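Below is one structure, written out as structure tokens; comments come after it.
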Amino acid sequence: MIFSLKQEYPSRKYGRRWDLAFLLWLGRSYHTNIFDHARAVKDLLKAGIDCYMSIETAEAVGATYHHRYVVSLSDEQMIIDKWVVLPFDLHHDVPCQGYLIAAPDGEKLLFVPDTPYIRNRFEKVDIIAIECNHLSESLSKNIQGGNIPATVGRRIRHNHISLETTINFLKANDLSKCRHIYLLHLSDSNSDEARMVKVVHEATGIPCTACGE
């Protein structure tokens, strides 16, 4: 993730104004296609906008030595203007971070991109945006049917979170303040959007929305 906290913009997703000028998700923060996600980074840096990112991401986009680059270290809280951002490690085949972001009014957003599981636990989060990549049975069926190579299937299981694991994670956390859950990065061939949204809503009692790419 690369983000700046300089200006305001209206967010239809959250129904309020978040003071984020840019919130650019690099869920696959070190993949070969990183430049498809991060084309604007150099323009942001040239415009004098501080960009926060992991060391690996900065190396990949060539921002390591730019004076506007600020390193995002896991488990080290950052205070940016009146925002509080806590990066934390995820588990992926490339370096990847999740973020707990607290707005000036105290409202919290938990952002969890590509990972097969999350060790951390969180309290009193208002909005959760979390990967929910696949249905385990659909993935197994596609592997057995020859639609997906076994090696690809193993990589998906080892790097992306299933519906079942997503629900277990949500139930293990304090959802007392959570008012909406957003499901991210649904697989084109191994997911069922309507079913996943329905199951998460039924399991948590919280409104749920699946986000497109």
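Values in this text are rule-based calculations from the coordinates and carry no lab data. Please read these numbers as outputs of a predicted model, since none were measured by experiment. Counting neighbours? That spans all protein chains shown, and the Cβs are built from the backbone with ideal geometry, glycine included.
Of the peptides 145-155, 65-75, 114-124, 178-188, the ranking by mean beta-carbon count within 10 Å, highest at the top, reads 178-188, 114-124, 65-75, 145-155.
Beyond 31 Å in Cα-Cα separation lie the following of the pairs 42/177; 108/141; 141/171; 124/198; 82/198; 46/124: 42/177; 108/141; 82/198; 46/124.
Across the alpha-carbon atoms of region 34-152, the computed radius of gyration and Dmax are 17.4, 52 angstrom.
Using only Cα coordinates, the Kirkwood hydrodynamic radius of region 87-134 works out to 11.4 Å. When Rg and the Kirkwood Rh are both derived from Cα coordinates, the Rg/Rh ratio for region 116-213 amounts to 0.99.
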